[in-house]
Amino acid sequence: MVGLMELESPSPGETRTETGVVEHRRSGGKRRIVVFLTVSLACVGLLALLGSQILAPAQGQTSPGSSSLLGHPAPDFTLAALSSRPAPAIHLASLKGKPVMINFWASWCVPCQQEAPLLQATWQRVQSQGIVFLGIDFQDNHTEGLNFLRTYRITYLNVVDDTGSTAINYGLTGVPETFFLNRRGVVVTKVIGELTQQTLQSNLQVILRST
């Protein structure tokens, strides 16, 4: 009489331990794990790349900006002049009767640095036409702002928005952003991003013609 029942023969792809417990070979499982990890890492990398492209600032790009201010009087402000010498604060309302370009910038902003020479050169060319260029330094400290003006030899008016309240009133989404006001102080156009010569010139022509 047989005391122990014969154990079933292992099926293909299985091995038997000394205790008779059947274990599946793990080679196929390992391959599946490797494939799964490879696909997962590729997906994570793709998502990270897309995220970086979405969140990265669009340097060197210019686009016409939509704003609730278009067609309405620009929010008034009185801000301290950015100057190494004593200078009176600038009150926007005092500039009515003249076309005004308001450019928000910051010293750490690369597109702001790239457009600075263009703004200065254009200002020198058009100031005789009565256009006012007004730069607003966004939350820099006084020293950083002055260093920026010296570096790019900026001579047109600049003020400091050290609290950021003026930027909020203008609905600023980043720097640089530029607003073009007609002689009545109404916002006619807005440009988001670094200005090009063509964009700057065309918008200046608009506010020069506008009454």
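Points worth noting:
- Once the Cα-Cα distance is subtracted from the 0.36 nm per residue extended length, the Ala93 to His142 segment shows a gain of 15.3 nm.
- Pairwise FRET efficiency - Ser68 versus Gln205, Cβ, R0 = 30 Å, nearest 0.05: 0.80
- Distance (nanometres) between label positions extended 7 Å along Cα→Cβ at Arg184 and Asn169: 2.0
- Measuring nothing but how far apart in sequence close Cα pairs (under 8 Å, 6+ apart) lie, relative to its length, segment 132-211 scores a relative contact order of 24 percent.
- Order of exposure, largest accessible area first, which applies to Ser84, Ser202, Ser210 with probe 1.4 Å: Ser84, Ser202, Ser210
- In the full protein context, segment 90-201 carries 43 Å² of accessible surface per residue, based on a 1.4 Å probe and ignoring ligands, DNA and RNA.
- Ranking Glu115, Glu144 by solvent-accessible area of protein heavy atoms (1.4 Å probe, all protein chains present), from largest to smallest, gives Glu144, Glu115.
- With both labels modelled 7 Å from their Cα along Cα-to-Cβ, the Ala121 to Gln198 distance reads 1.6 nm.
- Mean projection of the Cα convex hull over all viewing directions, computed for segment 159-211: 4.1 nm².
- Environment charge at Leu82 (Cβ cut-off 15 Å; Lys +1, Arg +1, Asp -1, Glu -1): -2
The values are calculated or read from the model by the stated rules, or taken from the named source; none is laboratory data. Bear in mind the structure is a predicted one, so any value in this text is a computation, not a measurement. Ideal geometry is used to build each Cβ from the backbone, glycine not excepted, and the neighbour counts take in all protein chains shown. The protein model used for the area step is the full one, side chains on, heavy atoms only, and it has no ligands, DNA or RNA in it. Shrake-Rupley method; radii C 1.70, N 1.55, O 1.52, S 1.80 Å.
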